[in-house]
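Report on the structure given below.
What follows draws every value from the coordinates through simple rules; no lab data is involved. Everything numeric here is computed off the predicted structure, so don't read it as measured data. Here the Cβ positions follow ideal geometry from the backbone for every residue, glycine too, while neighbour counts run over all protein chains shown.
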Amino acid sequence: MKTLKIIIIIFFIYPTSNLKAEDLEMKNKITKNLRCLICQGQSVYDSDSEFANSLKIIVDKKIDEGLSEDQIYEFFKNKYGEWILYDPGLNKNTYILWLLPLLIFLAGGAIIYNSFIVKK
Amino acid sequence: MRNKILSISIFLFFSIVFIVFFKGLKETNIYTPDLDIKKEIPFFHAKDFYTGKKLNTSDIFKLDQTYLLNIWSSWCVPCRKEHPLLLSLNENKKINIIGMNYKDNKIKAEKFLKELGNPYKRVFEDLEGTIAIEWGAYGVPETFLIYNNKIIRKYIGPLNLNIIEEIKLLIK
């Protein structure tokens, strides 16, 4: 009987605590990816400003509501614009940023191919 | 042939770099929030400052009316400065001034309104600062001009005489 009780207790405690740990991890990940707009060079995670603290509460609430990471980013993007995200998406203002490394890589590859492989 | 490819690629590389920097030069690197936004007002739940009754967006904002939502706090020094301007704007009957009391102590907030006067038609509380985030606000003071449930203008920081004139022109 005692072991059954323990098993039941573990059964009830284990999944919730595990979930909470996962939530906390997700919250930290999200707040590290959000820029504190009124601070200089700090993420929401690092900052202790009024703005950042309110944002952390919102992130908590949204996770509780069951929103995914991307949905939470989308929510903040709607409110404050792309600038709040540290990792900007591909759009007309950022396509050069995304494509330039690829172009340079291809150009470098072409030069190497021409000068070494074709020569041989 | 090899020289030609090399010179073309060097030329291409420098022109791309030039375009990137030239584009970057024109844009300011200081973050400037978008102030001229035509966004729907967000849906939120709040508590009335005086009665403590639960409110939501539709209880406060009605269609075909002009509202000025002012985020204020008793601990915010610039709010004190802009307060007389709000009182003077309140004489204009075309506009309804709504107050959002941001992360404040109720007793101090009540004292603030008693001391300086109450320009607000309605005041609601935002104890955690989360409603301000729903509105896309950065802090206190901040003011939104709303018509037909749409945000017409957003003023970050304390109001001044020029802004009050602009608001009067807009609501004419």
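A few remarks follow.
- Site pair A:N114 and A:K29 shows an inter-label distance of 4.3 nm when each label is modelled 7 Å from Cα along Cα→Cβ.
- Charge dipole of chain B about the Cα centre (unit charges at C-beta), most positive-ward option of B:N92, B:P158, B:I171: B:I171
- GNM flexibility winner over chain A from A:I63, A:I30, A:I104 (Cα, springs under 10 Å): A:I104
- Electrostatic bookkeeping for B:D59 treats Lys and Arg as +1 and Asp and Glu as -1; over the other residues with beta carbon under 10 Å from its beta carbon, the sum is +3.
- Estimated 222 nm signal from helices in chain A, with DSSP H stretches of n ≥ 4 weighted -39500 (n - 2.57), rounded to 500: -21500 deg cm²/dmol
- Gaussian network model of chain B, Cα within-10 Å springs - most flexible of B:K23, B:K81, B:K108: B:K23
- From helices alone, chain B scores -12500 deg cm²/dmol at 222 nm; the rule is -39500 (n - 2.57) for each run of n ≥ 4 DSSP H residues, then divide by the residue total.
- Only Lys, Arg, Asp and Glu carry charge here, each on its Cβ (+1 for the first two, -1 for the last two); on that basis the range B:32-101 has a dipole of about 200 debye about its Cα centre.
- Averaging the sequence gap over all C-alpha pairs within less than 8 Å and six or more residues apart, then dividing by the number of residues, gives the range B:65-112 a relative contact order of 56 percent.
- Gap separating the Cα centres of the range B:109-131 and the range A:1-77, nearest whole Å: 31 Å
- Residue of B:L55, B:L12, B:L89 that the Gaussian network model of chain B assigns the largest fluctuation, springs spanning Cα pairs under 10 Å: B:L12
- Rounded, prolate or oblate (a/c below 1.5 giving rounded, otherwise prolate when a/b exceeds b/c) for the protein assembly as shown by Cα gyration tensor: oblate
- Listed residues A:Y86, B:I71, A:L103: farthest to the positive end of the dipole of the protein assembly as shown (Cβ charges): A:L103
- Whole-Å semi-axes of chain B's equivalent ellipsoid (Cα gyration tensor): 45, 17, 16
- Rounded to 0.05, the FRET efficiency of the A:L100 and B:V77 pair, given R0 = 41 Å and the Cβ-Cβ distance, is 0.35.
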